[in-house]
Amino acid sequence: MTEKAGNALELSDLSVAYRVAGRNRAVLRNLNLTIGQGEAYGLVGESGCGKSTVALSVVRYLPRNGSITGGAISLDGQDVMKLDGEALRRARAESVSMVYQDPGKALNPSLRIGRQLTEIFELGGIAGQAATDRAIAMLNRVRISDPASVMQRYPHQLSGGMQQRVAIAMALANDPTMLILDEPTTGLDATVEAEVLDLIALLRQELSASILFISHNLAVVSKMCDRVGVLYAGMLVEEGSTQDVFNDPRHPYTVALLRCLPRGGQRKDQGRLDTIPGFLPGIGADIKGCAFADRCALATDRCRSELPPLYDLGGRLSRCHYHEQAQALPRATPSDVAAVAKAKSEPVLHVEGLNKTYASHGHALRAVKDVSVSLRPGETLGLVGESGSGKTTFARLLLGLVPPDEGGSIRLEGKVLAPRLDNRTDDQIKAMQIVFQNPDSALNRSHSIRHLISRALKRLAGLRGAALQARLDELIRSVRLTDRHLAVKPRQLSGGLKQRVAIARAFAGEPRIVVCDEPTSALDVSVQAAILNLLADLQSKEDVSYIFISHDLGVVRYLSDQIAVLYLGRIMELGPSEAVFSGPHHPYTEALLSAVPKLDQTETSRIRLDGEIPSATHPPPGCVFQTRCPRKIGAICETQEPPLAEAEPGHSIRCHIPYAELARLQKPAMQAEPA
Amino acid sequence: MSATDSPAGMPAPDNAGRRGPMAEVFFSLLRSGTFLTGLGIVLFWIACALFGEHFVPYDPLADDIINALAPPSAEHWFGTDQIGRDVFSRVIVGSRDILTVAPLATLLATVAGTALGLFTGYFRGIVDDIISRILEAFMAIPVVIVALLAIVALGTSKTTVIVVIGLSFAPIIARTVRSAVLAERELDYVAAAQLRHESAFHTMFVEILPNVIPPILVETTVRLGYAIFAVATLSFMGFGIQPPSPDWGLSISSNYGMIGGGFWWTVLFDALAIATLVIGVNLAADGVHGAFND
Ligand SMILES: Nc1ncnc2c1ncn2[C@@H]1O[C@H](COP(=O)(O)OP(=O)(O)O)[C@@H](O)[C@H]1O
Ligand code: SF4
Ligand code: SF4
Ligand SMILES: [Mg+2]
């Protein structure tokens, strides 16, 4: 690390408050943080702990009701608080750049990409062809292969990953010395996320910019950063090198966060995930002792009365009186589950040759092609694949929200389902329900929680009056909500609580199958663990089957019994979860697995997926994966589509490479994979 | 069952210090100078319509031929018209008809437009195509032509005016509602309703309608301004409010021939009255629009 004078960013005793209902409420409390020149610093913590507020304070972009109530910020030795309007504008334009979670925030939807990029250079006095050339150079720099055509497009014509790359290009346009990334990959799927992270890592070497990297995804931070700080209730609770903090945490909060992740191939029948009880203190909360005391199983009276200082543990810091015992933190959730031996019964769902073709600009778009799967009671089928691979379309076909092409069949408990929802019986409809990805879209914002769940009980369970009331009580308790939550509207609940409401609603009619479409992708790890445990508990209690869609492979692995890997609407691999994950696997599965950022940084031979998923209107001839396949064997891949062939009983792979050969090729990587 | 997070550990719903979106809008209206100015003007005219007749100096309908066309004076502040009626009294009381007809027409337009917008936005496809084409064609016909046809069919009356204006504005409101509904239609709560086998009626009116109230309110206040202007125009042309009402448009119509003779006061004050009322409503509409889009 560079000497103090040359620090890229220094926050000293920074305090920030938001004014709400006439009172200033503290969000950041005496925060001290230093980022050296060229250093990448990661800031982690649950949402609401103040991470974004740190980012906004640095460039003094706080919302109108926010104010810096104390302390100092210095950027490259320059006191940010003392900058006047013009100097501040110059600092923002020249030395600091920000990239947000939602690239939509940075891009203007009504202007072409080219216009938005050249505008930045025009502001800097470069115009005409020179500005266009610079813009193209910027797009090249963020590895956009066809910059001239991208310049002509509007933001909505680009995929999420491309938009984020353009946003990064814009942020880099002025060669900033400080780059602030606030959850830049949270909305992207695993492979796109890996690409964007690789890009940021590469640019870091080229640019020598210092980076403040904010994320609630610990694995992503561990991949990107030299040092990390763990933020809790606006205070730093632990700081140190990435290696130290993630492999040898010294604060109970860090320990607890790390335990929420399904790791090392953990599965639902081996135990529940650990969770963090309770919640982050609200903004402006009066904190006397340790801010984490209410949720910490190690807390003593001393913790509740005496604010722990940041103990210096030799090059690393921990704000815990008992930091040497942190890893002895007892589990908050008992891990044991009563493993029920499942009798092999008839499948509850049997899908045969399902197809869906959309018409797109005069071309046929095969969103789902010839998919056949079956699902047993009490089991989970995990669907994985990049966005655009047909996961959501498949789910919607099952539910009858969109009708499939003629030909295929969906059987529920042996009976063929009508393609359209309108033609299905009430019993069939209530047997198959869904938990959507985004509860803000799925829960009607005008209705109270009571109304939302009661209506489902009335329609799906046919209940009225006292019976409805009794079942409502039981249902909300089974998703661990209380009466207090019934009276409010969805927006008054946190993301995790909203998702519980959505789960309660899906379970109202005692369904046989629940489709879960990325139900935890917007949630913090602590909340995600609680929701996954809940889903696993409900499954073992009610014997319900899940179709579980997620781009987080660790999460899919935890919950799934069977896995289907989709690419361009086709099943590339299908089999028992263990077989698919431990391999030998399809080259696409192999690439997906190696794209996942892992907490332990032992980087094995990583396989890259280059470029974007091809357009489904023009799938590549032969094997649809051949344009990106790292194991492609030659002409046969370009001319003949491989069949989905059974490699071992119950495990099928769509690839020309014979199973034994795949096993041989993938052997070194498989050995390096932690158990 | 594992004891994930105990219910007791859950925070109270996170509403400390936060107000509902409607309350938020309400408070932001109270802080909007534009809205309050507009509201003040409109309330003034409403008060005149309700109570004006009790404190105006003269009976607005009483003629006084001897004092016809008297210029403004201490006795007749705004002068008198061709048959000696007091212009000031007439202007004050003259808001009564326009302030019943225009809001009722707007209400009709809102109800019909909302229903049409919900329908076309919800069903999309062929229903939407057909109804939207018809509405577009309808919107292309000037209000005056519609009015003429309606008067031939129904005769002149306040009801005719309400129906004519209400129906000509309905497609405009329908267009606004339709685009809001199209956006709502994509949200997952609509799919969730289908997965409960809800009727289309329930989905439209119970699920979607409450979420599209803000654009409807904005459009309605904007339309009210136009409706006032349209009523005044129709009255001026003789198709609207009928004599002997002291209505402003009607008064301008029966007196504007006098301007050439220098008797400006018979027209000016009615014109100003219309202008202030329209401006008042438009200011209020701007305020409402701002409050919803803050
Ligand atoms: N403009 C605002 N007004 C009031 N409270 C806010 C505002 N912005 C954020 N907050 C609150 O401040 C706390 C910290 O927010 P934030 O910095 O966004 O955290 P993070 O980025 O870690 O999720 C949260 O409780 C959040 O609800
Ligand atoms: S100081 Fe006490 S309450 Fe706080 S984290 Fe350490 S042990 Fe837990
Ligand atoms: S068939 Fe060829 S291109 Fe396709 S996955 Fe197998 S090796 Fe790769
Ligand atoms: Mg944030």
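The values are calculated or read from the model by the stated rules, or taken from the named source; none is laboratory data. Remember, it's a predicted structure, so these values are computed and weren't measured experimentally. As a convention, Cβ positions derive from the backbone with ideal geometry for all residues, glycine included, and neighbour counts pool all protein chains shown. We work out accessible area using only protein heavy atoms, side chains counted, and drop any ligands, DNA or RNA first. Shrake-Rupley method; radii C 1.70, N 1.55, O 1.52, S 1.80 Å.
For chain B, what is the mean residue ellipticity at 222 nm derived from helices alone (per DSSP H run of n ≥ 4: -39500 (n - 2.57); sum divided by total residues; nearest 500 deg cm²/dmol)?
Result for chain B: -22000 deg cm²/dmol, rounded to the nearest 500.
Which parts of segment A:454-475, residue by residue, lose 30 Å² or more of accessible area when the rest of the protein chains are there, as against the chain isolated (1.4 Å probe)?
Hits at the 30 Å² cut-off: A:Arg455, A:Arg459.
Rounded, prolate or oblate: pick one for segment A:265-328, where a ≥ b ≥ c are the square roots of the eigenvalues of its C-alpha gyration tensor, a/c under 1.5 means rounded, and failing that, prolate if a/b is larger than b/c, else oblate.
Oblate.
Determine the order of A:His618, B:His202 by accessible area, beginning with the largest, at a probe radius of 1.4 Å.
Sorted descending by solvent-accessible area, the residues read A:His618, B:His202.
List the residues, sorted by chain then number, that are 5 or more residues from A:Leu313 or on another chain and whose placed amide H is less than 5 Å from its amide H.
A:Ser318
For a protection proxy built on the mean count of beta-carbon atoms within 10 angstrom, sort B:126-133, A:313-320 highest first, please.
My ranking of the peptides, most packed first, is A:313-320, B:126-133.
Can you give the accessible area buried between chains A and B, summed over both chains, with a 1.4 Å probe, in Å² to the nearest 100?
Rounded to the nearest hundred, the buried surface is 3700 Å².
Mind checking B:190-202 for the average number of partner chain beta-carbons within 10 Å of each residue's beta-carbon?
Mean partner shielding for this stretch: 6.
So what is the diffusion coefficient of segment A:32-137 in µm² per second by Stokes-Einstein at 25 °C and 0.890 mPa s, using a Kirkwood Rh over Cα pairs?
150 µm²/s
Is the shape of segment A:201-327 rounded, prolate or oblate, going by the alpha carbon gyration tensor and its root eigenvalues a ≥ b ≥ c, with a/c under 1.5 for rounded and a/b larger than b/c for prolate?
oblate
How big, on average over all directions, is the shadow cast by the Cα convex hull of chain A, in nm²?
The Cα convex hull of chain A, projected and averaged over all directions, gives 32.0 nm².
Of A:Lys391/A:Lys632; A:Lys356/A:Lys391; A:Lys268/A:Lys541; A:Lys268/A:Lys415, which sit over 18 Å apart, Cα to Cα?
With Cα atoms farther than 18 Å apart: A:Lys391/A:Lys632; A:Lys268/A:Lys415.
Within 10 Å, count the other beta carbons around each residue, average over each peptide in A:209-220, A:15-26, A:653-664, and list them highest first.
A:209-220, A:653-664, A:15-26
Once you charge only the Cβ atoms, +1 for Lys and Arg and -1 for Asp and Glu, what is the size of the charge dipole of the protein assembly as shown about its Cα centre, to the nearest 20 debye?
Roughly 1180 debye for the protein assembly as shown.
If you average the C-alpha positions of segment B:249-284 and of segment A:371-440 separately, how far apart do those two centres end up, in angstrom?
What the calculation gives is 66 Å, centre to centre.
Please work out the Cα center distance from segment A:555-593 to segment A:630-661, rounded to the nearest Å.
Cα centroid to Cα centroid, the span is 14 Å.
Which helices count as membrane-span-like in chain B under these terms: full DSSP H, at least 20 Å along the axis by C-alpha, Kyte-Doolittle mean of -1.0 or more?
Span-like helices here: B:33-55, B:95-123, B:125-140, B:158-185, B:213-236, B:265-292.
Heads up, I need the accessible area for A:Lys541: 1.4 angstrom probe, whole protein in place, Å², nearest 10.
110 Å²
Report, to the nearest whole %, how much of the accessible area of chain A belongs to carbon and sulfur atoms, 1.4 Å probe, protein only.
50 percent
How big is the accessible area of A:Lys356 in square angstrom, nearest 10, if you roll a 1.4 angstrom probe over the protein chains?
Around 20 Å² of this residue is reachable by solvent.
Evaluate peptide A:526-538: per residue, the Cβ atoms of other protein chains within 10 Å of its Cβ; return the mean as an integer.
2
Out of the DSSP beta bridges found with both residues in chain A, what percent are antiparallel (nearest 5)?
60 percent
Per residue, how large is the accessible surface of chain A? Use a 1.4 angstrom probe and give square angstrom.
Counting only protein heavy atoms, the per-residue value for chain A is 40 Å².
Hey, got the average number of other protein chain Cβ atoms within 10 angstrom for residues in A:439-445?
Per residue, the number of nearby Cβ atoms from other chains is 6 on average.
Which value at 222 nm does chain A reach when only helices count, each DSSP H run of 4 or more adding -39,500 (n - 2.57), with the total divided by all residues and rounded to the nearest 500 deg cm²/dmol?
Taken over chain A, the calculation gives -9500 deg cm²/dmol.
Under 22 Å Cα-Cα from A:Lys458, which lysines qualify once same-chain neighbours fewer than 8 residues away are excluded?
Filter leaves A:Lys430, A:Lys489, A:Lys498.
If you average the alpha carbon positions of segment B:137-193 and of segment A:278-324, how far apart do those two centres end up, in angstrom?
Going from one Cα centre to the other spans 63 Å.
How high is the FRET efficiency between A:Ser149 and A:Ser208 when r is their beta carbon distance and R₀ equals 41 Å, given to the nearest 0.05?
0.85
Using a probe of 1.4 angstrom, how much of the accessible area of segment B:160-294 is carbon and sulfur, in percent?
Carbon and sulfur together cover 70 percent of it.
What aspartates and glutamates does A:Lys288 reach when the alpha-carbon gap must be under 15 Å and sequence neighbours fewer than 8 apart in one chain are set aside?
A:Asp301, A:Glu306
Would chain B count as rounded, prolate or oblate if I go by the C-alpha gyration tensor, calling it rounded below 1.5 in a/c and otherwise prolate when a/b exceeds b/c, oblate otherwise?
The shape class here is oblate.
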